[in-house]
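**Student:** Before we start, here is the structure in question, set down as structure tokens.
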Amino acid sequence: MQIFVAADNICSPLGSTTTENFEAVKNGASAIGKIENQLLLPKPFYASMFRHIEAQDDFTRFESICIASIKNVLSQTSISLEDKDTLFILSTTKGNIELMENSELNESIIGQVSLDATAKKIADSFNAKNKALVVSNACISGVLAIVIAKRLLLAGKYKHIVVTGADVLSRFVLSGFDALGAMSAMPCQPFDANRNGINLGECAATLVLTADENKISKNRIKVVAGASSNDANHISGPSRTGAELAAAVSKTMKQSDVSANDLSFISAHGTATIFNDEMEAKAFHQAGLSNVPIHSLKPHFGHTLGAAGVLESIITYHSLLQNMVLPSLNFHTLGTSEKICVSQALALSKKRFALKTASGFGGCNAAVIFENEDN
């Protein structure tokens, strides 16, 4: 059985559709800017944020962008959440956490902050037949949700799965990363010698996976394989060797029967922190991928947390569809101990496969390979 992408949407500060976002990235646009809002953080910071979110009646900012993204993606296909064969998966790290900042803490607020309750509320707005599933595993949540969706479809549990990754920024999120000293005081520079931290971002991104080839459009994008691992190194610091991410990548490639020469490019996690980028470079070296073009999308969107894996996967396979290897914005000089081939200019490639990776707090890692069957 093969698992295909039936439809997708990206709702970010760069646009409300996948096309708008992909064109913006292709043209080198970035949504990251300097923000001065003492209600969020006492000092100025760089991030990618919506100027305004149209919050619907009885829905929060977070729920509203999820619903907008899902509405858009379902309008592209006949697949419905009202069908017993369709599952909804929500990928997020913090969900409605900002409600705890803006209201007196009570049982109602606690209930609304529950990720399970949030996913149910979103699913209920589409009259979903099945109980929603939440995937919340730090910053690999989006990639892991795609891998889990593929496994559920292969097991015959469902015929279609709608995966939405989303997160919004709040005092809780921003102050946490600031306390770790992880936030950059300038636009981020993944893998660069002058990198000094992340920029955070807001986004909701949705894709529909299906085991029914009759439901796919003319674009035959396949989720080939995926795997995850955990290095158990530190609550926030990644492995110092990269061995565990390398293991997830190597397992994914073995399952796919794909070699380094088959890969068009790697869409890395690329947060622009000193430790993450160094770990990834070591992992790609160990997996034999040092010469494969690599980029990070964080300079365009910021680190969108639970949305990142879904958002960046969509950009990844649309790059395959257009036979493109995107450059890594803001990169100038390699700053990792192991050599990697950071993409510095837009290039053409007709190779069929691309690798997307993610790593996160708690030592979690994930990888997934997409294929453009038309190449």
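**Student:** Would you point out which residue out of 149, 225 is assigned to a helix (DSSP H, G or I) and small (Gly, Ala, Ser)?
**Tutor:** 149
**Student:** Of the residues in the range 15-41, how many are surrounded by 13 or more Cβ atoms within 10 Å (Cβ to Cβ), in a loop (DSSP other than H, G, I, E, B) and either among the hydrophobic types (A, V, I, L, M, F, W, C) or in contact with a Lys or Arg (Cβ under 8 Å, 6 or more places away or on another chain) (or both)?
**Tutor:** Final tally of qualifying residues: 5.
Results for (1) in contact with an Asp or Glu (Cβ under 8 Å, 6 or more places away or on another chain); (2) over 21 Å from residue 80 (Cα atoms), shown as yes or no for each residue.
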| position | (1), (2) |
| --- | --- |
| 108 | no, yes |
| 111 | no, yes |
| 116 | no, no |
| 123 | no, no |
| 127 | yes, no |
| 131 | no, no |
| 140 | no, yes |
| 149 | no, no |
| 156 | no, no |
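**Student:** Picking from 329, 297, which residue would you name as being at negative phi and surrounded by fewer than 24 Cβ atoms within 10 Å (Cβ to Cβ)?
**Tutor:** Testing whether each residue is at negative phi and surrounded by fewer than 24 Cβ atoms within 10 Å (Cβ to Cβ) leaves just 329.
**Student:** Could you tell me whether the range 247-267 includes any residue that is assigned to a strand (DSSP E or B) and under 26 Å from residue 87 (Cα atoms)?
**Tutor:** No: the range 247-267 contains no residue that is assigned to a strand (DSSP E or B) and under 26 Å from residue 87 (Cα atoms).
**Student:** Let me ask another. Since residue 338 meets every condition but one in (1) touching a helix residue (DSSP H, G or I) at 6+ places or on another chain (Cβ under 9 Å); (2) surrounded by 17 or more Cβ atoms within 10 Å (Cβ to Cβ), which condition does it not meet?
**Tutor:** For residue 338, the failing item is (2).
**Student:** Among what's in the range 308-345 and is of a type in the set (A, V, I, L, M, F, W, C) and over 23 Å from residue 8 (Cα atoms), pick the residue that is nearest to the chain's Cα centre (by Cα).
**Tutor:** Only one residue tops the list, namely 329.
**Student:** Under 30 Å from residue 128 (Cα atoms), among the aliphatic types (A, V, I, L, M), out of contact with any Phe, Trp or Tyr (no Cβ under 6 Å at 6 or more places or on another chain) and surrounded by fewer than 16 Cβ atoms within 10 Å (Cβ to Cβ) - does that describe any residue in the range 171-191?
**Tutor:** The answer is no, given that none of the residues of the range 171-191 is under 30 Å from residue 128 (Cα atoms), among the aliphatic types (A, V, I, L, M), out of contact with any Phe, Trp or Tyr (no Cβ under 6 Å at 6 or more places or on another chain) and surrounded by fewer than 16 Cβ atoms within 10 Å (Cβ to Cβ).
**Student:** Considering only residues of the range 197-222 that are modelled with pLDDT of 95 or more, outside any strand (DSSP E or B) and not charged (D, E, K, R), which is surrounded by the most Cβ atoms within 10 Å (Cβ to Cβ)?
**Tutor:** 199
**Student:** For the range 139-158, what are the residues that are hydrophobic (A, V, I, L, M, F, W, C) and surrounded by fewer than 19 Cβ atoms within 10 Å (Cβ to Cβ)?
**Tutor:** Within the range 139-158, 152, 154, 155 qualify.
**Student:** Against the condition surrounded by 22 or more Cβ atoms within 10 Å (Cβ to Cβ), touching a residue at least 60 places away in the same chain (Cβ under 8 Å) and not assigned by TED's automatic domain parsing to the domain that holds residue 356, how does residue 118 come out, does it pass?
**Tutor:** Here the answer is no, as residue 118 does not meet what is asked.
**Student:** For residues that are in a loop (DSSP other than H, G, I, E, B) and in contact with a Leu (Cβ under 8 Å, 6 or more places away or on another chain), scanning just the range 159-170, find the one that is surrounded by the most Cβ atoms within 10 Å (Cβ to Cβ).
**Tutor:** So, considering only residues that are in a loop (DSSP other than H, G, I, E, B) and in contact with a Leu (Cβ under 8 Å, 6 or more places away or on another chain), the one surrounded by the most Cβ atoms within 10 Å (Cβ to Cβ) is 169.
**Student:** Here's a follow-up. Take residue 355 and tell me if it is more than 17 Å from the chain's Cα centre (by Cα) and in the same structural domain as residue 289 (by TED's automatic domain parsing).
**Tutor:** No, not satisfied.
**Student:** Further question: I'd like the full set of residues that are surrounded by 14 or more Cβ atoms within 10 Å (Cβ to Cβ) and not in a helix (DSSP H, G or I), limited to the range 56-80.
**Tutor:** Selection gives 59, 60, 76, 77, 79, 80.
**Student:** Residues to consider are 63, 101, 23; find the one that is at pLDDT below 95, assigned by TED's automatic domain parsing to the domain that holds residue 175 and of a type in the set (Asp, Glu).
**Tutor:** Result of the check over 63, 101, 23: 101.
The values are calculated or read from the model by the stated rules, or taken from the named source; none is laboratory data. Keep in mind that what you see is a predicted model, and the values were worked out from it rather than measured. Counting neighbours? That spans all protein chains shown, and the Cβs are built from the backbone with ideal geometry, glycine included.
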